[in-house]
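Okay, structure first, notes after.
The values are calculated or read from the model by the stated rules, or taken from the named source; none is laboratory data. Source: prediction; values computed, not measured. Note that each Cβ is placed from the backbone with ideal geometry, even for glycine, and that neighbours are counted across all protein chains shown.
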Amino acid sequence: MRLHTVELIHVRVPLRRPFRTAYGDTTHKEALLIRAETDGGVGWGECAAEVAPSYTAEFVDSAWLVLRDHLVPRLQASAWSSYEELDDRLATVRGHPMAKAAVETALLDAHLRERAKSLASYLGATRPTVPVGVVVDLDDHLSETVETAQARAGEGYRRIKVKIMPGRDLDIVRAVRMALGDSVDVWVDANGRYVLADRALRDLDELGLGLIEQPLDPDAWTDHGALARELTTAVCLDESIRSIADARLARHLGAADVVNVKPSRVGGVRAARQIVDECAAAGIGAWVGGLLDLGINRAVNLAVAALDGCNLPGDISATDRYFDRDITEPFVLDRNGSLSVPSAPGIGVEVDAAAVALYTVAQITLR
C-alpha cells in the first residue's frame, strides 16, 4: 500500500448532556479524524485522545503534532507490503498509541474496502450482535444518579457501570444496587482514584458488584495484585493496560480478573485482538470499553467486541446516549440490549461529510 494524501480534521461534537467522571466534566467530544487516500482507496480513522492529558498522557494537540510531523510523513515516504512492515515504521515513533490506532484504522478501512471485507471478518469475529452496557456518570445528587440508572436499565442495557471517586462512592452505588435489584448487573469505575488501604474498596466488595474497574493508579501493579487476591469482587484493569506487554504483566502478577480492552488505548485493533487472545488463554475476562467515541471508533469497538474472547458486555452504548447527531449513521440498541456489528466493507459505516464539516474546528492536508 502507498499512502498519498492525509487530511487531519479536528472536530468538536456537542454531547446531549455533560458527562462527569473523576477527570472532570465534558460537554463536547473533541476528536481528530483522519481521512487517508491510498492507492487502494479512501479510509477513515478516529483518534480518541482527549483535550487534556488526564485519562492518558496523550491529548488532542499532542496527537495532532505527532501525526502531522512524524507518523504521517513516515508512512508517506514509501510504500509497504505488509502490516508487519507498517508496524516497524510506526514503531520508530515511541508511544502515542491513540494516534497510531487512528492511522491503523484509516489504512485498514481503505485496505478492506478495496477487498470488500469487513473489519469484523478480518479480525475473525463471527457474532452479528454484541450485548452492551452503559455508563452512569457522577450527577450532582444521588437521586439523579439513581433515576438515570433506572432509565438506562429501562432502555434495555444489560448492565450499568457507575463512575465513582473518593467521597462519592458507597452511598451512591448502594442506592443504585437497591433500585435495580438483581435484574441488571452493576459495575463501578474508579479511574484509578483510590489507594490500596482505602476502606471504601472493602465496603464496595460487600455489595455484590460485577467488578470494580481500575481502582488504583495505573502503575500500581503489585497493589492491584494484592487487592485482587483480597476482594471477592472481580478487579478490572483499564488505564493500566496499554499494550500486550501490560496484559502479560497483569497475568504474571495476578493483578486483574478482568481487562477492559480499548483498541484506541492499546494502539489499534490488531493489538486489541492480541490482548483478547491473551486474556482468553489466561482465563481472564475481557470486554471492550469506550471513550465517548464517535461513529468511526464505535464501529471499530463493536468489531473487537464481537470476538469470542470478549465475554462481558462492553461500554459501546447506542449513539443517542451521547449525541443528537454523530458523524456516521446512528447505532441503535435492539430489544435484547445489543448492538449490531457492522458487516459492510472496511469499518462498516459511512462518514457523514456534512456532519464532519459542521463540527470541524481545524483542518490540514498532508501530501
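Here is how the numbers come out for the structure above:
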read-out	value
The stretch 223-244 residues that are within 11 Å of ALA256 (Cα to Cα) and assigned by TED's automatic domain parsing to the domain that holds CYS279, paired with ones that are hydrophobic (A, V, I, L, M, F, W, C) and part of a helix (DSSP H, G or I) (beta carbon under 6 Å, 6 or more apart)	GLY225/LEU253; VAL235/LEU227; VAL235/ALA228; LEU237/ALA250; ILE241/ALA247
Selected residue [out of contact with any Pro (no Cβ under 9 Å at 6 or more places or on another chain), small (Gly, Ala, Ser), touching a residue at least 60 places away in the same chain (Cβ under 8 Å) and more than 23 Å from GLY348 (Cα to Cα)] from ALA79, ALA91	ALA79
Residue among ALA31, ALA57, ALA91 that alone is of a type in the set (Gly, Ala, Ser) and touching a strand residue (DSSP E or B) at 6+ places or on another chain (Cβ under 8 Å)	ALA31
Spans of strands (runs of 3 or more DSSP E) in the stretch 248-367 with at least 3 residues in contact (Cβ under 8 Å) with a residue 24 or more places away in the chain and farther than 24 Å from LEU71 by Cβ	258-261, 285-288, 338-340
Residue within the stretch 132-153 that is outside any helix (DSSP H, G or I), surrounded by fewer than 23 Cβ atoms within 10 Å (Cβ to Cβ), within 20 Å of the chain's Cα centre (by Cα) and small (Gly, Ala, Ser) present	no
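Rundown of residues vs (1) in contact with a Lys or Arg (Cβ under 8 Å, 6 or more places away or on another chain); (2) modelled with pLDDT of 90 or more, yes/no style:
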position	(1), (2)
HIS141	no, no
GLU147	no, yes
ALA151	no, yes
GLY156	yes, yes
ARG159	no, yes
ALA179	no, yes
SER183	no, no
